[in-house]
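The values are calculated or read from the model by the stated rules, or taken from the named source; none is laboratory data. Predicted, not measured: the structure shown is a model, and the values here were computed from it. Virtual Cβ from ideal backbone geometry, glycine too; neighbours counted across all protein chains shown.
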Amino acid sequence: MADPTPPPSADQTPPPPPRPPGEWRPVVGRIITILAVMGAVLLILWVWSTVEKHPRTDDATVEANVIGVAPRARGQIIQLNIQDNQEVKAGDVLFQIDPADYQLALANAQSALATLDQQIEVARSQDEELKFQVKAAAAGMAQAEAELQRATNLVHRLQPLVPQGYATVDDLDKAQTAVAVAAASLAAQEQHSNQAKTALSSLATLIAQRPGAVAAVDLAKLNLDYCTVTAPFPGRVINLHISVGAYASIGTPVFDLLDSRQWYVLANFREGELRHLAPGASVDIYLLSAPNRRFNGKVQGIGWAVSSKDEIDISSGVPSVPRELNWVHIAQRFPVRIAVENPDPDLFRMGASAVAIVTSSPPSD
């Protein structure tokens, strides 16, 4: 039977014989290995760039502002309206201090003010009469001065005439008596004028005392109001360890109140990562108690000072430097304060662990 395959022509090259299937495997394996290494390098570079530009830390805790609730009045607590960990609103009455002493002080100040007002009214009603008396005393003084001057002049004229016989001793005695009477009358008029002026000045003194008496009443009312202690802002009562009957002192905190209006995260970032942080940078926050919830935050500030345990002791004249051989140099961490923009009051607790991831830098001016 004839072969159906035609013989090759002179200008055609015969095709190479096919390779066995096993000879391609080393080449494919090397290509895959090279691509895998390149992909791993690119992945490592991408992860390094992402972590470098968007630092993160799990060394973070939730923080909030806490104040000590200290009364401005002292006394025994007669009413306690709160419990530990209770949520309160601004203006809620927290506790009540016995107001008995302050009520008596207010009554005393009000009585003193009422007495002063009565004295002012009496002095004011006598004001016109006293002014008339001052004018009358002034006129009497002028008349008495004139009488004294006339009597004195008469004595001076009679004294040289008595030795010459032109005037009698009796006339001189009468003139001298008139001088004494005129002097006594002048002194009486001066005393009367001074008494009237003193009475007039007492009215001005009483009027000047009234603002102080009003201030005493206002202060007594303020101290009485201080017996009722209210919440200055919405928050939660913490560290409550008192009962009714405890004695409260001025300026001494009775318990603490956590401010729930604003929450913060205090995250410690390594010093090499601070160049990617600035106030206003956006941060993603995750709580360990709710890892699936993301919260938004803004960098509020970066700490400028931390206490280092490796400080050189220079308390004495010669610095003391300990001999240590550290193979690994640990980077210092600085606290970064992050304000939480959308906190969940049911999840955020002071001291809770958190994770902070910087997502973007603040916009440049």
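In table form, for the structure just shown:
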{"read-out": "Single unsatisfied condition, ILE78 versus (1) part of a helix (DSSP H, G or I); (2) modelled with pLDDT of 95 or more", "value": "(1)"}
{"read-out": "Conditions (1) assigned to a helix (DSSP H, G or I); (2) buried (at least 17 other Cβ atoms within 10 Å of the Cβ); (3) modelled with pLDDT under 95; number of the one not met by ALA180", "value": "(2)"}
{"read-out": "Some residue of the stretch 257-269 being loosely packed, with under 14 Cβ neighbours inside 10 Å and in contact with a Gly (Cβ under 8 Å, 6 or more places away or on another chain)", "value": "yes"}
{"read-out": "Filter result (of a type outside the set (Val, Ile, Thr) and either outside any loop (DSSP other than H, G, I, E, B) or closer than 14 Å to PRO71 by Cβ (or both)) within the stretch 228-245", "value": "ALA231, PRO232, GLY235, ARG236"}
{"read-out": "Subset of the stretch 100-123 that is closer than 29 Å to THR228 by Cβ and small (Gly, Ala, Ser) - its residue that is surrounded by the most Cβ atoms within 10 Å (Cβ to Cβ)", "value": "ALA109"}
